[in-house]
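The values are calculated or read from the model by the stated rules, or taken from the named source; none is laboratory data. Just so you know, these numbers come straight off a predicted model, no measurement behind them. Positions of Cβ are backbone-derived with ideal geometry, glycine not excepted, and every protein chain shown enters the neighbour counts.
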């Protein structure tokens, strides 16, 4: 499920109202404009989803690093809209929502959060004619996608009802004034099959068990609702940590710094076909790579060795270049981590312009399945991305960050009609005054 | 020998050349792949490439999609369009009918198609980017992942028999470069 829009108030320098995201986005802007604050917001959301609110606050460095220090308010609020990307040949899981809208308002008192309001709205698809996990006919997919492209976010409004017997049911959980209420709308309860009813009931149950006394947000059940281990992660890969021998204590996902990359890679390399596929992908970025292997340094640590055409022996980790290692991490995050939404901070670090072009292609390629949002200062990456996917961030006089799609800005269009490219405008800082 | 390959630039042409064409040459030949779409300095690069070619030891190949499905026209029309825009010599232009994706598909024998679960298209010249994406989606792969899988199973001889524009390209390479190892 992709994030289609966010609204946020009083989170660092962010004040956004239904700001939309596409299947992939590149976020550019000068220093101190607010790129990192947007990334922080996504980290905050990811931490709430993957862990809980307390951990999310703690990883931001406490409440003082969350609130906009220019404002006197001690409350933050945000709204997130997620929806499935429906593609030809997709099998829709009818017991999972296709559309999620989440809102909350949180107050901080004595550095502790108090949930003032919270609402989650889950929309499910249902068809009497189709079993769970059935492929949607192609003509319907086309209709759906035409409407998705029109940037209308609620899928349940886009499904052409008349083409098939599709109906919708909704679960809404709401927390106001310390009371939790749950409402469910079925088209016809008698028509729902047992698996669907069980799924619906289990989701109801987790909401019902919430207590106003705890600070467990509905959002922390997002992964469970979607039936996934993890859905969103933010990566800021540090190649220096990858070079160090990696402990075999592995996690199920690549950690933000990439520290457990070797362990994640080791799992892929156990399977010869997967290893071959990985190396094929790797060589498509770096044709000089002949192979790669993981070696156990001792009973606790493993290291990555890269076989390069320039050397007779595999290059040990401490001698592998940052770019060569960085590509391993990029391939892992884009093609191998099972996530719906992936954020990458400056993935082009250490990369040659020719490889940056390949990175741009890979981001578009993987966005068929995974939403990819990246931040960068690289005009080279900007040059190779489709202009309508570029978001520019600047800082306004009041200190707030301003996010725009320059491709839709009339002044930018005027510049570009005079043979100037977006990257030229970025380099010369013209975008900052638009 | 250094060969400059000018390609459209979305990565598919480059991948194909690196994986299928480059191995046909021995170690004495190196490749420089230059994407030209959106590159405002491309004519300067072409001029330099031709300057080096005149000194010997260098050659130029320019690949261009015919894009017949979007713009019905003849191969001659496409070549004329290229010559009007770019400082390239006519003998170096190779027109890919319709898109490079048809060259990918051409190398898949019916047996390989069945093994990989890929549809067999009766007219390979009509295989486009959209067809390849459709096929990738059906297999739960990205387009690039499918391309890599196709290249892993590529049958060069079969491709030459199946696709006229690819056969033309290989023939041009054979005529120009003696060290090309193709067994047909």
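Quick one: would you say residue B:38 is crowded, with 16+ Cβ neighbours inside 10 Å, within 14 Å of chain A (Cβ to nearest Cβ) and on the phi > 0 side of the Ramachandran plot?
Numbers: crowded, with 16+ Cβ neighbours inside 10 Å: no; within 14 Å of chain A (Cβ to nearest Cβ): yes; on the phi > 0 side of the Ramachandran plot: yes.
It is false that residue B:38 is crowded, with 16+ Cβ neighbours inside 10 Å, within 14 Å of chain A (Cβ to nearest Cβ) and on the phi > 0 side of the Ramachandran plot.
Kindly indicate the residue of the range B:113-154 that is within 22 Å of residue A:358 (Cα to Cα) and exposed (fewer than 15 other Cβ atoms within 10 Å of the Cβ) and also farthest from the other protein chains (Cβ to nearest Cβ) among those meeting that condition.
Going through the qualifying residues, I end up with B:130.
Taking residue A:79, is it out of contact with any helix residue (DSSP H, G or I) (no Cβ under 9 Å at 6 or more places or on another chain), closer than 26 Å to residue A:398 by Cβ and assigned to a strand (DSSP E or B)? Give the derivation first.
Details: out of contact with any helix residue (DSSP H, G or I) (no Cβ under 9 Å at 6 or more places or on another chain): yes; closer than 26 Å to residue A:398 by Cβ: yes; assigned to a strand (DSSP E or B): yes.
Judged against the criteria, residue A:79 is a match.
Select from the range B:93-114 the residues that are over 15 Å from residue B:75 (Cβ atoms) and in a loop (DSSP other than H, G, I, E, B) and list them in ascending order. It would help to see each step written out before you state the result.
Step one: of the range B:93-114, the residues over 15 Å from residue B:75 (Cβ atoms) are B:100-101, B:103-114.
Result: B:100, B:107, B:108, B:109.
A quick yes/no check of all residues on (1) outside any strand (DSSP E or B); (2) assigned by TED's automatic domain parsing to the domain that holds residue A:94; (3) at pLDDT 65 or above:
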| position | (1), (2), (3) |
| --- | --- |
| A:145 | yes, yes, no |
| A:152 | yes, yes, no |
| A:162 | yes, yes, no |
| A:183 | no, yes, yes |
| A:211 | yes, yes, yes |
| A:250 | yes, no, no |
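Return yes or no: is residue A:222 outside the structural domain of residue A:318 (by TED's automatic domain parsing) and at pLDDT 90 or above?
Yes: the conditions hold for residue A:222.
For residue B:94, are the conditions met, namely being touching a helix residue (DSSP H, G or I) at 6+ places or on another chain (Cβ under 8 Å) and in contact (Cβ under 8 Å) with a residue 12 or more places away in the chain? Steps first, please.
On the way: touching a helix residue (DSSP H, G or I) at 6+ places or on another chain (Cβ under 8 Å): yes; in contact (Cβ under 8 Å) with a residue 12 or more places away in the chain: yes.
Considered against the rule, which asks whether it is touching a helix residue (DSSP H, G or I) at 6+ places or on another chain (Cβ under 8 Å) and in contact (Cβ under 8 Å) with a residue 12 or more places away in the chain, residue B:94 comes out as yes.
Given A:351, A:325, A:400, A:343, which one is out of contact with any strand residue (DSSP E or B) (no Cβ under 9 Å at 6 or more places or on another chain) and more than 12 Å from chain B (Cβ to nearest Cβ)?
Working: A:325 fails: out of contact with any strand residue (DSSP E or B) (no Cβ under 9 Å at 6 or more places or on another chain); A:400 fails: out of contact with any strand residue (DSSP E or B) (no Cβ under 9 Å at 6 or more places or on another chain); A:343 fails: out of contact with any strand residue (DSSP E or B) (no Cβ under 9 Å at 6 or more places or on another chain).
Testing whether each residue is out of contact with any strand residue (DSSP E or B) (no Cβ under 9 Å at 6 or more places or on another chain) and more than 12 Å from chain B (Cβ to nearest Cβ) leaves just A:351.
Just one of the numbered conditions (1) loosely packed, with under 14 Cβ neighbours inside 10 Å; (2) over 16 Å from the mean Cα position of the chain (by Cα) is not true of residue B:50; which one?
All conditions are met except number (1).
Within the range B:37-52, can one find any residue that is in contact with a strand residue (DSSP E or B) (Cβ under 7 Å, 6 or more places away or on another chain) and farther than 23 Å from residue B:100 by Cβ?
Yes: the range B:37-52 contains one or more residues that are in contact with a strand residue (DSSP E or B) (Cβ under 7 Å, 6 or more places away or on another chain) and farther than 23 Å from residue B:100 by Cβ.
Where residues in the range A:355-370 are out of contact with any strand residue (DSSP E or B) (no Cβ under 8 Å at 6 or more places or on another chain) and facing another protein chain (nearest Cβ under 9 Å), which of them is nearest to residue A:229 (Cα to Cα)? Walk me through it before giving the result.
Applying the first criterion (out of contact with any strand residue (DSSP E or B) (no Cβ under 8 Å at 6 or more places or on another chain)) to the range A:355-370 yields A:355-356, A:358-362, A:365, A:368-369.
When the remaining residues are screened for being facing another protein chain (nearest Cβ under 9 Å), the result is A:358, A:360-362, A:365, A:368-369.
Values: A:358: 30, A:360: 28, A:361: 28, A:362: 24, A:365: 23, A:368: 20, A:369: 17 Å.
Per the criteria, the residue is A:369.
Condition test on residue A:274, is it more than 23 Å from the chain's Cα centre (by Cα), within 14 Å of chain B (Cβ to nearest Cβ) and free of Cβ contacts under 8 Å to residues at least 40 places away in the same chain?
It is true that residue A:274 is more than 23 Å from the chain's Cα centre (by Cα), within 14 Å of chain B (Cβ to nearest Cβ) and free of Cβ contacts under 8 Å to residues at least 40 places away in the same chain.
Condition first: out of contact with any strand residue (DSSP E or B) (no Cβ under 8 Å at 6 or more places or on another chain) and either on the phi > 0 side of the Ramachandran plot or surrounded by 15 or more Cβ atoms within 10 Å (Cβ to Cβ) (or both). Can you find one or more residues in the range A:286-294 that meet it?
Scanning the range A:286-294 turns up at least one residue that is out of contact with any strand residue (DSSP E or B) (no Cβ under 8 Å at 6 or more places or on another chain) and either on the phi > 0 side of the Ramachandran plot or surrounded by 15 or more Cβ atoms within 10 Å (Cβ to Cβ) (or both).
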